[in-house]
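Read the structure below first, then the notes.
Rule-based calculations on the coordinates, nothing more; no lab input. These figures come from a predicted structure and were not determined experimentally.
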Amino acid sequence: MLDRMPPRAVGPYEVLSVIGRGGIGTVYRARHRTSGAEVAVKLLGPPPACDPTAARRLAREFEALRGLDHPNVVRVYDAGVHEGYSFLAMELVEGLDLRSYLSPALDASPYAGAAPGAPAPSGDRPALDAWSDEPDTESLLTPALDVEPPAQGPDAIRAFAALMDEPETEGSFAQAEPREASPEKVRAGEAKPLADEVLEGLNGPSRRARLVDAVAQVCDGLAHVHAHGLVHRDLKPSNIMVDDARRVRLMDFGLVKLATDATHLTLHGRVVGTYRYMAPEQARGEAVDHRADLYSLGVILFELLCGRPPFLSKRPVELWNEIISRPPVAPAALNPGVDPRLARLALRLLAKDPRQRFQTAAEVAAAVRGG
């Protein structure tokens with residue numbers, strides 16, 4: 001069973017080990033039988049975990065990534081169908097996700113002087129890890145799938161997705177109208193500064209230098225993605241990896257869309273993305289462009305500077321209302337030692353109106369680097 005025992009091979013790739021398991025499939029470390037190159041293979045699982053939406057998402061990721069070539073964007077090599085399950089072979093990135101890489105624990109432990117890809121100690125990252133496991137809207141969808149798989153080969157995944165050409169359903173809270181929700185009352189102490197030991201970790205010079213370098217690289221990768229007319233739509237810390245050489249990769253392009261494909265960015269107002277990181281226009285179910293990714297980057301930067309996201313509601317409708325109508329707390333109210341330049345940058349990225357944000361990722365990169 002694919003969900004219990006790792007297969008010996010997936011297409012032309014010999015499976016070496018399991019990297020990780022998720023709700024819709026497994027990522028394996030694998031080796032190409034001919035070239036010997038090691039890759040990461042993302043293999044979708046059986047129904048009901050794997051559904052038409054998941055297959056389309058994998059096909060979309062392959063189509064987007066095969067046209068991109070940038071040091072800060074993960075490379076894709078191959079796609080196909082293995083025993084009826086779609087797979088994607090991509091660059092093997094060994095390191096940490098952005099949140100773990102910028103964990104204050106790396107500065108307060110022997111790992112501070114180690115290679116940046118070394119794992120941070122577990123259980124010592126309270127300021128950031130509480131927000132590490134939020135699913136995107138597609139992860140809640142699990143209808144069964146009963147179709148015959150197409151032939152093997154690089155084109156198989158696209159044909160496989162074409163077999164399931166029913167209307168997309170990418171959100172489970174689509175009927176809720178966030179603008180009708182009552183604003184959640186400000187929590188007592190919501191703007192209270194973090195504990196001194198947490199602030200010391202967040203503001204350490206080594207971490208700040210890593211933060212500036214990593215966020216600038218994220219901007220470089222985004223600029224390349226946007227230059228190809230694409231919108232990521234699900235930018236978040238877990239979709240950004242940093243390898244042992246401190247090189248950043250943008251990952252998980254399963255929700256990517258052409259910026260010009262406004263009529264298909266949503267369906268009947270359905271929302272796609274990860275709630276906490278989506279832009280106001282995205283939360284409203286409106287067409288989005290590359291500036292929605294810049295808003296998501298603002299959420300990430302705010303979180304990394306302040307130890308928590310700008311909005312804290314756990315319920316989607318309440319969170320959407322905050323994203324759409326409430327201004328974020330001033331970063332200095334949470335972290336008095338925050339870099340004021342980076343704080344201003346984060347707040348500009350978090351502007352409700354896309355026209356008031358930075359307009360390109362290249363602009364953000366220059367601002368982050370101090371240009």
31 Å Cα-Cα threshold exceeded, pairs from Lys192/Lys257; Lys42/Lys257; Lys257/Lys314: Lys192/Lys257
Whole-Hz couplings from phi, Karplus 6.51/-1.76/1.60, listed for the range 68-77; x for Gly and Pro: 10, 8, 8, x, 10, 10, 4, 8, 10, 10
Under 5 Å, built H, 5+ apart or other chain: amide partners of Asp289: none
Cα gyration tensor shape for the range 190-242, rounded if a/c is under 1.5, else prolate or oblate: prolate
Gyration tensor (alpha-carbon) shape descriptor, the range 270-324, a/c threshold 1.5: oblate
5 angstrom amide H check on Leu92, placed H, neighbours 5+ away: Ala40
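Report the extension gain between Ala333 and Ala195 in nm, rounded to one decimal, defined as 0.36 nm multiplied by the number of residues separating them, less their alpha carbon distance.
Working: separation 138, 0.36 × 138 = 49.68 nm, distance 1.24 nm.
Result for the pair: 48.4 nm of gain on full extension.
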